[in-house]
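Please read the structure below before turning to the comments.
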Amino acid sequence: MMAPGKGILAADESDSTAGKRLEMVHLPNNPENRQDFRELLFTAAGIEEYLSGVIMYDSSMRTATDSGVPFPDVLTAKGILPGIKVDLGTKDLDGFTGEVVTQGLDGLEERFMEYYDMGARFAKWRAVVTIDTNTPTDAALEINSIMLARYAQIAQRCGIVPMVEPEVIFAGDHNIERAEMVTTRTLQILFQTLMKYKVDLGGLILKSSMVLAGDMCREQSTPEEVANATLRTFHMSVPYDVGGIVFLSGGQSPRRSTENLNAIAKLGPQPWDITYSYSRAIEEPFLLAWQGKPENTEKAQQVLLHACKMNSLAQQGKYDVAADQILK
Ligand code: 13P
């Protein structure tokens with residue numbers, strides 16, 4: 001999963017969130033359009049050069065191409081590991097205004113066994129951490145970390161690599177210093193909990209947000225600031241034996257996500273392998289080129305390949321932002 005120069009595509013939007021992606025190009029959210037969207041992503045020639053894994057949602061795991069090949073088999077044939085999002089979304093955390101807890105532990109072992117048979121070799125569980133005046137509370141971070149630890153234990157028992165994702169949300173007017181404090185606290189509580197519950201850290205991937213000022217903050221962070229704050233955070237909180245770290249794009253533009261990853265890689269080798277696991281930053285340029293029109297398919301798949309290639313270069317600190325005419 002952490003092969004140099006490769007990353008992971010997060011194509012694991014729930015059916016309703018996939019609708020938001022399709023809406024960008026005015027396509028109705030129906031099973032046919034979701035199938036077309038994912039089929040074009042997964043069958044694009046050459047993506048295997050840049051992608052080691054693709055995360056899917058339950059319905060995509062059960063979908064096949066027009067010619068009848070199940071999506072997980074399409075990926076496996078290309079040497080790309082199929083992954084599965086297994087959490088069932090968030091619910092309000094009682095007594096804690098503005099905070100949520102992720103659902104989905106019931107029946108998880110049986111679901112893992114079925115997904116394994118379908119080809120899944122890694123999984124994702126996402127917790128949501130929102131920065132506001134009074135949040136996050138330690139109580140919310142603790143309960144979400146326990147859920148992540150239990151999920152990771154069950155995944156490892158079933159032979160599936162857990163990706164643990166505490167997403168610190170980018171939306172907000174907080175500055176980068178506050179983002180750094182919150183992300184450090186979040187990851188410290190997470191790893192204390194994972195160790196307490198004896199999760200094998202070497203067989204686990206952390207999916208993290210980059211550390212940066214909120215999208216409404218007047219002072220936006222430069223790539224160098226993001227790189228320094230993000231790595232400082234990891235060194236304060238992530239044990240060195242963790243199997244790898246991947247980033248979500250979190251609503252940053254595709255160009256900015258790539259530029260920030262590049263700045264992180266430029267700071268040199270770290271104790272962990274680090275790469276990207278983007279959804280929006282890779283899918284949006286593709287969708288805008290595609291527009292749901294068959295005549296745009298080839299161009300859109302080339303744009304997809306370009307986005308993957310630029311992120312793979314960024315993973316190695318070799319992205320040339322000035323030369324990139326495509327990512328916006
Ligand atoms: P974004 O890259 O769009 O943030 O999505 C990644 C992801 O998997 C969030 O859970």
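The values are calculated or read from the model by the stated rules, or taken from the named source; none is laboratory data. What you are looking at is a predicted structure, and each value in this text was computed from that prediction instead of being measured. In this analysis, Cβ positions are derived from the backbone assuming ideal geometry, glycine residues included, and neighbour counts consider all displayed protein chains.
Name the residues in the stretch 161-186 that are more than 14 Å from the ligand (Cβ to nearest atom), of a type in the set (A, V, I, L, M) and out of contact with any Leu (no Cβ under 8 Å at 6 or more places or on another chain), would you? Once the filter is applied, which keeps residues that are more than 14 Å from the ligand (Cβ to nearest atom), of a type in the set (A, V, I, L, M) and out of contact with any Leu (no Cβ under 8 Å at 6 or more places or on another chain), the stretch 161-186 yields Met181, Val182.
There is no residue in the stretch 78-101 that is of a type outside the set (Phe, Trp, Tyr), assigned to a helix (DSSP H, G or I) and away from the ligand (no atom under 16 Å from the Cβ). Has the stretch 224-239 got any residue that is modelled with pLDDT of 95 or more, within 18 Å of Leu313 (Cα to Cα), among the hydroxyl-bearing types (Ser, Thr, Tyr) and under 17 Å from the mean Cα position of the chain (by Cα)? No, because not a single residue in the stretch 224-239 is modelled with pLDDT of 95 or more, within 18 Å of Leu313 (Cα to Cα), among the hydroxyl-bearing types (Ser, Thr, Tyr) and under 17 Å from the mean Cα position of the chain (by Cα). Can you tell me how many residues in the stretch 257-283 are surrounded by fewer than 21 Cβ atoms within 10 Å (Cβ to Cβ), part of a helix (DSSP H, G or I) and within 12 Å of the ligand (Cβ to nearest atom)? Looking only at that region, the number is 0. Filtering Met210, Met216 for residues that are within 16 Å of the ligand (Cβ to nearest atom) and touching a residue at least 12 places away in the same chain (Cβ under 8 Å) leaves a single hit, Met210. Please determine, by comparing only the residues of the stretch 164-184 that are out of contact with any helix residue (DSSP H, G or I) (no Cβ under 6 Å at 6 or more places or on another chain) and among the hydrophobic types (A, V, I, L, M, F, W, C), which one is surrounded by the most Cβ atoms within 10 Å (Cβ to Cβ). Among those residues, the one meeting the criterion is Ala179. Selection within the stretch 1-25: residues that are part of a helix (DSSP H, G or I) and either among the hydrophobic types (A, V, I, L, M, F, W, C) or more than 11 Å from the ligand (Cβ to nearest atom) (or both). The member of this set that is nearest to Pro269 (Cα to Cα) is Ala18.
Entry remark, the stretch 41-60: residues being crowded, with 19+ Cβ neighbours inside 10 Å, farther than 21 Å from Pro162 by Cβ and not small (Gly, Ala, Ser) number 4 in total.
Ala171 fulfils the conditions (1) touching a strand residue (DSSP E or B) at 6+ places or on another chain (Cβ under 8 Å); (2) part of a loop (DSSP other than H, G, I, E, B); (3) closer than 27 Å to Asp92 by Cβ except for a single criterion, (1). Of all residues in the stretch 233-249, at least one satisfies being more than 16 Å from the ligand (Cβ to nearest atom), in a loop (DSSP other than H, G, I, E, B), small (Gly, Ala, Ser) and closer than 22 Å to Met2 by Cα.
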